Amino acid sequence: MSQNGSDSAIDVRTPKRQKLSSGEPAADTVNRIFAPFRTLGLVSSTAVPFTSLPLGKTTFQITTSIGRSLQTYDLRKGLNLIFLTRPQTLATITSTVAWKDCVLAAWGEALSVGKVGVWVFKRGKKTGELEIPGGLSEPIRSLLVFGSWIVGCCTSRVEVWRSSTLEHYTTITPTALTGNICTMPTFLNKVFVGKRDGSVEMWNVNSGRLIYTFVPPNAFSGPVTALQPTPALAALAIARSDGSVVIQDVCLDKIILQLNPNPTRKTSITSISFRTDGLGAGEDGQRAGIMATAGPDNGDVTLWDLNNGGRINGVLRGAHSPPSNSGGVSGGINKVEFLPGQAVIVTSGLDNALKSWIFDAKSLTTVPRILHCRNGHSAPVTTLGFMPTNSDGSDAGGKWLLSAGRDQSLWGWSLRRDGQSTELSQGHIRKKAKKLGALGNALQDGQSMTLEDLKAPEITCFSSSLNRDGGMGATKGGGAVWTAGTRNSSADATESLVTGWESIVTGHRGDKYARTWFWGRKKAGRWAFETGDSTEVTSVTVTSCGTFAIVGSAGGSITAFNLQSGMQRQKFPSPLTPLQAKKLKLTQANGSQSSKKPGRDKFGMGIGKHRQPVTGLTVDPMNRYLYSCGLDGKLKFWKFHSGLLLDELDWSPMSAITASRYHKQSDLIALSCDDLSIRVIDTETKKLIRELWGCLGQISDFCFSHDGRWIIAASLDSIIRVWDLPTGHLINAIRLEGPCTALAFSDTGEYLATAHADGVGVNIWNNRTLFTHVSTRLINDDETIDAVAPTASGEDGQGLIEAAFEDDTSDLIQPNDIVNVSDQLSTDMETLSLVPKSRWQTLLHLDAIRARNKPKEPPKPPEKAPFFLPSLEASKPAPAISQDNESQITPTERSRILKSDRISTESPFTVTLRTGTETRDFTPFIDHLKSLAPSAADIEIRSLKPNELVSFVTALRWRLQQRRDYELVQAWMAVFLKIHGEIVCDDSMLVEALQAWRAEQAEEGRRLGELVGYCGGVLGFLRSTRV
């Protein structure tokens, strides 16, 4: 059947895909399929320190930089995100400072001359910008606001603006600056700047004159790395690159205190802060004088007691992750700050984390405890996947996104509420480190113990199913985490039968154990499944029912485990029993094949194991078959419950299979190969149906679309390609700034998630095909689009609502791509209409809808108007025609008036039906009836006069003979018979008309049945394994 409409105004629509441009078609400048939406997982992803703004005594706002925009968090609300700045700066933000109710952000690129600026943001919106002097081309390293001045420090100059007008005031030109700057209380118009030779200069910004230079204590101290005024007047803390910190009296130019003067292990200190609530120091902790220092070389915060010559009061070990030795994981601390008058300290690190810590009043330790934390991945993301729903049509579809990165963490991201995103816990890591004495040993040898050493190795693959997830009520399993198959407690299995069990299974780099996770509890699970040959886990999958986990290894073994009990259930191939092994040896010795019947048992028991690492595992939704692939170039089909190999497809030695993806609705498997191709297999026929080529680099990740129509693949040539499976065409290609390492498509079809090698965030793209047409024509290599990546602020992105109303003028189709849409392709084909399905279905059930929507109680009369409102006069009836005027109308005029009044009262339904009966062309009548709403069509059919019933049935039979609007004719006739069925027997002409309609309907139904049966037989023959 073909779907088409008539020539009526309601059905004839000019699709946008038929739009032509004069001359040459315009080149695509935007991504036709995916529109940038936003970026998830960025908290403090740059080296720019945060800035704090006190709002009263107990409310503070913390602002961090994430590249070209700022994020502001409310500390009182648990570091909830409250503002995202827009628009984005023209270059990367280099420094920030909070001032009154605004935040100043300096931006610029070191290699881009002229692209420098300072913008002012208020509540996330840009409100102004500072005047930039003509000679400024280097980025501003630090900003400072005091009094009536705004001061910005570069590496070779200091710029000064007036805070009242934002006008540039003067330029100070010291030499060899480090970018550190500060001011001192009671020092009017004075600033202190640090230099590379270790000296500190004091300048008067009003006059632009150098007042004094403070020389370092020795020539080997190194450049100044931090400057911070102390709570005591005229005392300045100076940190240098050799790790030393001195407290210097700037009035007397005298060193008051020198800390860590000869460090055995040099660690740079880039941030200093002082506690101002007057507590924390001394033996009883009731004295003032606590200083905190931190740097980028480790993740520790050192607390100093400055009384009695100064000493280390405590070390907050592992506050942030230290940088890894391999350089893959960012770490270290870029700023530490005590909040004014509070026993709270805030830290931000290069591990993409922002944390607040609190000192307990009656604690036995001098180290604070964690109060709030906001963080994300500290290393690039390597694996992505949307969480499936626990039932069809669930509201949680497409809401949660799982990501695993090189920082050995597993995160769950909420696409609806940012505050719900969380990292899945791996147990009490810090408590375990203390129990093992790791943190204590680190204090003795001077090296920081990284908590990542106690985490599970990097996750390389994961799979999930929520059908058995117990949510927050799932059993804890006695609290044990990742038991390696030795504790198979029947009590745990019995309890989990009621409450549910783990729903996520992960494989780890260099590890022979696959680990389970509770999604509802957001924590590590009970089991660690060991591979059958004790080699590294290379692939995992969870069955759709959520009961079994299948683990593939680098040695080629495949093992199935029960997630409820943690016990091993099956191996692929299934191991032979002693009797089976003896029989096999006898058969092989005799060379007999009589035990095998032709066409059956192609592979014997116990054979078929992969010879190289297993790279993909999939189980069909009914748990009948297991599909596995490996680097040996083979795709194997296994009987799931028996472990018997049924069939295999072999591409070796031409190609090795690196990964597989399965689309359960269409029973298709896509395989990525090392020859840069993607092969699509129909699991029903076990045949290759598509080979997709075009990638110029190794395929890093790929996936099916939600409906199985597309395959989206990312390769190391930094291009994401989209193929249309029905046509095999490459329909879209977007070039990114860096390689895409992972991608995932949501089950609802709304979002595409991508991760990139040059960032720690997850980019979210909207699927534009949900609200606009996209051509499936084949594109060329020169039509690759340079895409604009999503941003954390969502700027330049498109939401579903905005994009739905966008005028699609860029997708211009070539003349060869136009499909001519005729009224009816052939008179031998039954043509359906373009009337929405809901319209004629509503007409059939209109009585039930009216009964459901009937009000439960009569409407209440309106309340009386207040006494002070004037009452309206009662409406007066229209004056009647006087008898004198009526007597003046002549008989001829009266006849003409009655005739015109009768014609004006007839509905278009009646007029077009009478005209069609006279001309034997009911096209205007059918078009009018199709344009009516369900309630209006019901009223017109009910209002049919006795002499119009035969004409109505004749019109429907005439439409059947034309073989058009088949479903509408059935709906209209059903309503007609339901309304007028009682009077059919009383009218012989109506009975004859209905008998003629029934004969035409029976003949058309028989013809359609034969056509549908023929098409079904051809399709079944083509899908048969015998072809």
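The values are calculated or read from the model by the stated rules, or taken from the named source; none is laboratory data. Predicted model, so just to flag it, every value in this text is computed and none were measured. When we count neighbours, we look across all protein chains shown, and the Cβ atoms used for this are built from the backbone with ideal geometry, even at glycine. Just so you know, the surface numbers come from the protein's heavy atoms only, side chains and all, with ligands and any DNA or RNA stripped out. Shrake-Rupley method; radii C 1.70, N 1.55, O 1.52, S 1.80 Å.
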Sort out for me the strands (runs of 3 or more DSSP E) sitting completely within the stretch 156-202 that have 1 or more residues that are open to solvent by 20 Å² or more (accessible area, probe 1.4 Å), under 14 Å from ALA237 (Cα atoms) and in contact (Cβ under 8 Å) with a residue 12 or more places away in the chain.
-> 177-182
Scanning for something under 22 Å from THR919 (Cβ atoms) and either without any contact (Cβ under 8 Å) to a residue 60 or more places away in the chain or part of a helix (DSSP H, G or I) (or both), does the stretch 1012-1019 turn up at least one residue?
-> no
For the subset of the stretch 775-786 comprising residues that are assigned to a loop (DSSP other than H, G, I, E, B) and open to solvent by 20 Å² or more (accessible area, probe 1.4 Å), which member is modelled with the lowest pLDDT?
-> THR776
Filter result for the condition that a residue is open to solvent by 20 Å² or more (accessible area, probe 1.4 Å) and not charged (D, E, K, R), over PHE548, PHE518, PHE572 | PHE548
State all residues of the stretch 33-53 that are closer than 30 Å to GLY749 by Cα and either modelled with pLDDT of 95 or more or not in a strand (DSSP E or B) (or both); if no residue qualifies, say none.
-> ILE33, GLY41, LEU42, VAL43, SER45
Does the stretch 503-515 contain any residue that is at pLDDT 75 or above, under 30 Å from TRP413 (Cβ atoms) and in contact with a Leu (Cβ under 7 Å, 6 or more places away or on another chain)?
-> yes
Being surrounded by fewer than 17 Cβ atoms within 10 Å (Cβ to Cβ) and without any contact (Cβ under 8 Å) to a residue 40 or more places away in the chain is the filter; apply it to the stretch 262-278 and report the residue that is farthest from ILE345 (Cα to Cα).
-> ASN262
Which residue pairs have Cβ atoms under 7 Å apart, sit 6 or more places apart or on different chains, and have a first residue in the stretch 937-950 that is in contact (Cβ under 8 Å) with a residue 12 or more places away in the chain and closer than 15 Å to LEU968 by Cα and a second that is in a helix (DSSP H, G or I) and open to solvent by 20 Å² or more (accessible area, probe 1.4 Å)?
-> ILE941/ILE979
Would a scan of the stretch 279-289 turn up a residue that is open to solvent by 10 Å² or more (accessible area, probe 1.4 Å) and either hydroxyl-bearing (Ser, Thr, Tyr) or closer than 22 Å to VAL48 by Cα (or both)?
-> no
Return a yes/no flag: does the stretch 80-89 have any residue that is at pLDDT below 95, among the β-branched types (Val, Ile, Thr) and closer than 23 Å to GLU131 by Cβ.
-> yes
Does the stretch 112-124 contain at least one residue that is open to solvent by 20 Å² or more (accessible area, probe 1.4 Å), touching a Pro at 6+ places or on another chain (Cβ under 8 Å), small (Gly, Ala, Ser) and not in a strand (DSSP E or B)?
-> no
Starting from the stretch 523-539, take each residue that is closer than 17 Å to SER409 by Cα and in a strand (DSSP E or B) and list its partners that are open to solvent by 50 Å² or more (accessible area, probe 1.4 Å) and among the aliphatic types (A, V, I, L, M), counting only C-beta distances under 7 angstrom and pairs at least six apart or across chains.
-> ALA524/VAL481
Flag for GLN258 being closer than 21 Å to TRP149 by Cβ and not hydroxyl-bearing (Ser, Thr, Tyr) = no
Tell me which of these ILE712 doesn't satisfy, since it passes every other one: (1) at pLDDT below 95; (2) open to solvent by less than 10 Å² (accessible area, probe 1.4 Å).
-> (1)
Are any residues in the stretch 203-220 part of a loop (DSSP other than H, G, I, E, B), open to solvent by less than 70 Å² (accessible area, probe 1.4 Å) and within 20 Å of ILE256 (Cβ to Cβ), and if so, which ones?
-> PRO216, PRO217, ASN218
When (1) at pLDDT below 65; (2) under 34 Å from the mean Cα position of the chain (by Cα); (3) exposed (fewer than 14 other Cβ atoms within 10 Å of the Cβ) are applied to VAL819, the one that fails is (2)
Determine which single condition ARG942 fails, assuming it passes every other condition in (1) modelled with pLDDT under 85; (2) within 53 Å of the chain's Cα centre (by Cα); (3) open to solvent by 60 Å² or more (accessible area, probe 1.4 Å).
-> (1)
Are any residues in the stretch 290-309 modelled with pLDDT of 90 or more and over 44 Å from the mean Cα position of the chain (by Cα), and if so, which ones?
-> ASP305, LEU306, ASN307
So which pairs qualify, if the first residue must be in the stretch 130-144 and polar (S, T, N, Q), the second must be open to solvent by 30 Å² or more (accessible area, probe 1.4 Å) and assigned to a loop (DSSP other than H, G, I, E, B), the Cβ gap must be under 9 Å, and the two must be at least 6 apart or on different chains?
-> SER137/SER112; SER137/VAL113; SER137/GLY114; SER137/LYS115; SER142/PRO49
Is one or more of the residues making up the stretch 303-318 in contact with a helix residue (DSSP H, G or I) (Cβ under 7 Å, 6 or more places away or on another chain), open to solvent by less than 60 Å² (accessible area, probe 1.4 Å) and on the phi > 0 side of the Ramachandran plot?
-> yes
Going by the conditions given, is VAL619 out of contact with any Gly (no Cβ under 7 Å at 6 or more places or on another chain) and modelled with pLDDT of 90 or more?
-> yes
Which one is farthest from THR58 (Cα to Cα), of the residues in the stretch 329-355 that are small (Gly, Ala, Ser) and either open to solvent by 40 Å² or more (accessible area, probe 1.4 Å) or touching an Asp or Glu at 6+ places or on another chain (Cβ under 8 Å) (or both)?
-> SER330
Please determine, by comparing only the residues of the stretch 949-965 that are under 13 Å from THR827 (Cα atoms) and assigned to a helix (DSSP H, G or I), which one is most open to solvent (accessible area, probe 1.4 Å).
-> GLN961
Positions within the stretch 656-686 being open to solvent by 10 Å² or more (accessible area, probe 1.4 Å), of a type in the set (Gly, Ala, Ser) and outside any strand (DSSP E or B), in sequence order | ALA656, SER666
Mind checking which residues of the stretch 362-389 are assigned to a loop (DSSP other than H, G, I, E, B), without any contact (Cβ under 8 Å) to a residue 60 or more places away in the chain and either of a type in the set (Gly, Ala, Ser) or surrounded by fewer than 22 Cβ atoms within 10 Å (Cβ to Cβ) (or both)?
-> LYS362, SER363, LEU364, THR365
Tell me which residues, restricted to the stretch 829-840, are open to solvent by less than 100 Å² (accessible area, probe 1.4 Å) and either more than 16 Å from ALA936 (Cβ to Cβ) or not in a helix (DSSP H, G or I) (or both).
-> MET829, GLU830, THR831, LEU832, SER833, LEU834, VAL835, PRO836
Hey, among ILE699, ILE689, ILE720, which residue is open to solvent by less than 10 Å² (accessible area, probe 1.4 Å) and β-branched (Val, Ile, Thr)?
-> ILE720
